[in-house]
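Everything below concerns the one structure shown next.
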Amino acid sequence: MRLKNKTLTGVVQPLSYVDKMLRQQGFHRSGGDSMPTYDVVMYDSASSSAYFLRIPTNYTSTTTGKGELNVKLGHPYLEAKFYMNTSSEEIFFIPKAVREAAEHKLAEIADYLSAPSAPS
């Protein structure tokens, strides 16, 4: 499920700053050196289900003044972590509380990353 977050999507910042900030927020980096994706597991205790909140990134052709690569943040999305013993209807249902928690976390991240000049 793609989440709408105009403040975060399209933000360009140095990879080291994005990596440090998202790791401090509990995200894990995957994808190695090619197009890193950051995800965090969100657990819904009411349904005992887990979901991934994912933020994809792409390298940009620009670098910082220090020669460091910049990344551009893509559209964040939520997806179910496990599909065991679920019908096709349940796979696509993400509880409102989980969506709201994800949107709150994205808004917090956007506050840090959408600054015109991130600290190094």
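Structural remarks
- Residue count, the range 43-67 (criterion: assigned to a loop (DSSP other than H, G, I, E, B) and either open to solvent by less than 40 Å² (accessible area, probe 1.4 Å) or modelled with pLDDT under 80 (or both)): 4
- Single unsatisfied condition, A80 versus (1) modelled with pLDDT under 90; (2) open to solvent by 30 Å² or more (accessible area, probe 1.4 Å): (2)
- Residues in the range 83-115 that are at pLDDT 60 or above and assigned to a loop (DSSP other than H, G, I, E, B): F92, F93, I94, P95, S114, A115.
- Contacts under 6 angstrom Cβ, first residue in the range 23-42 being among the charged types (D, E, K, R), partner assigned to a loop (DSSP other than H, G, I, E, B) and surrounded by 15 or more Cβ atoms within 10 Å (Cβ to Cβ), 6 or more apart: R29/P36
- Answer residue from the range 31-42, given it is over 14 Å from L73 (Cβ atoms) and at pLDDT below 90 and is most open to solvent (accessible area, probe 1.4 Å) among those: D33
The values are calculated or read from the model by the stated rules, or taken from the named source; none is laboratory data. Note that this is a predicted model, so its numbers are computed, not measured. In this analysis, Cβ positions are derived from the backbone assuming ideal geometry, glycine residues included, and neighbour counts consider all displayed protein chains. Remember, those area values only see protein heavy atoms, side chains included, never the ligands or the DNA or RNA. Shrake-Rupley method; radii C 1.70, N 1.55, O 1.52, S 1.80 Å.
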